[in-house]
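Laboratory data are not the source of any read-out in this text; all were calculated from the coordinates shown. The model shown is predicted, which means the values in this text are computed figures rather than measured ones. Neighbour counts run over all protein chains shown; Cβ positions are idealised from the backbone, glycine included.
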Ligand code: UDP
């Protein structure tokens with residue numbers, strides 16, 4: 001059992017990306033359904049305000065730190081996480097694994113245009129992949145059709161990009177009914193895979209400034225990114241009080 005670092009109530013796996021990938025590959029060949037959450041600071045702040053989301057955390061097999069903010073915060077707690085493990089990276093690497101193993105993949109989410117671009121790109125890069133998808137804009141009344149479409153494909157891996165926390169709620173609500181070995185919430189990864197949204201250039205990634213790049217490209221994200229300083233302050237206060245508690249006990 002891999003250890004966790006609890007940041008504001010969210011238990012992050014301290015596994016490295018390669019360890020997470022190894023776990024995911026095992027899950028993909030299991031008969032029971034597994035569920036992985038990729039969570040950044042915005043998600044952590046949503047957990048604080050959402051009772052249902054807090055319950056969902058216990059259903060997940062793994063919660064990975066998808067954001068440099070989580071990795072930095074883990075150091076304040078004196079329990080540094082190894083590295084970021086993002087939804088986009090997991091998706092890309094597990095798609096390759098699925099192709100190599102002859103396993104099926106289903107992609108649920110994004111607009112129809114973005115989804116089709118992502119599927120086309122994936123098929124180009126992985127000519128023998130078994131992959132299908134459905135866009136992420138459906139009404140509540142259509143959920144059973146969406147589930148039926150997924151079950152018909154019987155995927156080993158389900159990538160869900162409906163935005164957080166809708167994607168985690170969708171997976172948790174239908175985990176047993178869908179019976180898929182591994183479901184992962186991947187946020188905007190489908191848009192990135194299809195090129196609808198560009199991933200930050202490597203220089204931004206290396207400088208851990210992907211958030212800044214996204215903000216510059218999409219200034220409308222500023223409202224959402226207000227969660228970042230709120231997260232930093234809350235985590236810093238929690239970490240300091242825990243560290244103080246440890247040193248006085
Ligand atoms: N999305 C969707 N259905 C919805 C709302 C959003 O499929 O009802 C998709 C959206 O098109 C995008 C993804 O969910 O591809 C989430 O993107 P966003 O950047 O908002 O999410 P984050 O990664 O920040 O959670």
May I ask you to compute the full-extension gain from residue 152 to residue 173, defined as 0.36 nm times their residue separation minus their alpha-carbon distance, rounded to one decimal in nm?
5.7 nm
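Could you give the length gained on full extension between residue 6 and residue 224, defined as 0.36 nm per residue of separation minus the Cα-Cα distance, in nm?
76.2 nm
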Sorted by mean Cβ packing within 10 Å, highest first, what order do the peptides 190-197, 127-134 take?
190-197, 127-134
From a point 7 Å beyond the Cα of residue 111 in the direction of its Cβ, which residues of segment 128-157 have a backbone N at a distance under 18 Å?
134-139
Sites residue 202 and residue 17 - FRET efficiency at Förster radius 22 Å, r taken between beta-carbons, to 0.05:
0.85
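Determine, for each peptide in 111-120, 206-215, the mean count of other beta carbons within 10 angstrom over its residues, then list the peptides with the highest first.
Highest-to-lowest ranking by the protection proxy: 111-120, 206-215.
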Express in nm, to one decimal, how much length is gained between residue 82 and residue 237 on full extension, taking 0.36 nm for each residue of separation and deducting their alpha carbon distance.
53.6 nm
Under a 10 Å cutoff between Cα atoms, tell me which one of 231, 106, 204 has the largest fluctuation in the Gaussian network model of the chain.
204
Please report the spacing between the Cα centers of segment 15-71 and segment 181-216 in Å, no decimals.
17
Over the chain, what is the relative contact order in percent, taking alpha-carbon pairs closer than 8 angstrom and at least six residues apart?
25
Share antiparallel - DSSP beta bridges, the chain, percent rounded to 5:
15
Tell me the label-point distance for the pair residue 128, residue 50, using the 7 Å Cα-to-Cβ offset, in nm and rounded to one decimal.
3.9
Sorted by packing (mean other beta-carbon atoms within 10 Å per residue), highest first, where do 144-154, 92-102 land?
92-102, 144-154
Relative contact order of segment 1-93, pairs being alpha-carbon contacts under 8 Å that are 6 or more residues apart, as %
33
